[in-house]
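Have a look at the structure below, then the notes.
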Amino acid sequence: MKPETNRYRGLMAALITIAMAGPAAAFDLDSDIPIKVTADTARLDDGQGIATYTGDVELEQGETQLNAERVVLYRDQNGLSRIEAVGSPARYRQPTRQGEGETDARALNITWSATDQRLTFEREAVIEQNGNLFRGDVIHYDTARRVVTAEGGAGTGEGSGRVEMVIQPRSTNRQGSDGSSESQ
């Protein structure tokens, strides 16, 4: 197999790992651990199934966190169906798990849809894990098919507007983000 093919497969595996460890798995609705929400203000429209939280919003389930300026939770007859987070940026963090480093994702808008089984990071989207970086104007993750797609946007002066990836080289022995030694 060509080295380029191995590098491409490694890149795709890294992207899938980042995305799978990202917000798609962020809040496990089948978990016994409750989701705790704190904010400066809250408004619950029980008839519409919409809860809106504003002002330094923090969602937590175990050690998984979502921080934003505004978060809207949508419920239907099956329970929580959609989460929309807006911030400058909104930020999602998931701790180290299964030998992977902490996932740190941020975007101006983060949306999770149970119905579409899709996670979307929009506007200035960045996902980082183990020094690897994935940046684009819009990053979609189809949680059912396990497909990541990204789109560039207009150059903003901070970047070219193109999708950007930084993949760390593989090494035989690397220290993980939790301080443990990892072999690859």
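Each reported figure results from applying straightforward, stated rules to the coordinates on display, with no laboratory input. Source: prediction; values computed, not measured. Quick reminder, even Gly has a Cβ in these numbers, built from the backbone with ideal geometry, and neighbours come from all protein chains shown.
At-a-glance table
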quantity: FRET E, pair Ser88, Ala144, Förster distance 41 Å, beta-carbon r, rounded to 0.05; calculated: 0.85
quantity: Cβ-based exposure ranking for Ile110, Ile50, Ile83, in which fewest neighbours within 10 Å come first; calculated: Ile50, Ile83, Ile110
quantity: Residue-count net charge about Gln48 - beta-carbon cut-off 12 Å; Lys, Arg +1, Asp, Glu -1; calculated: -1
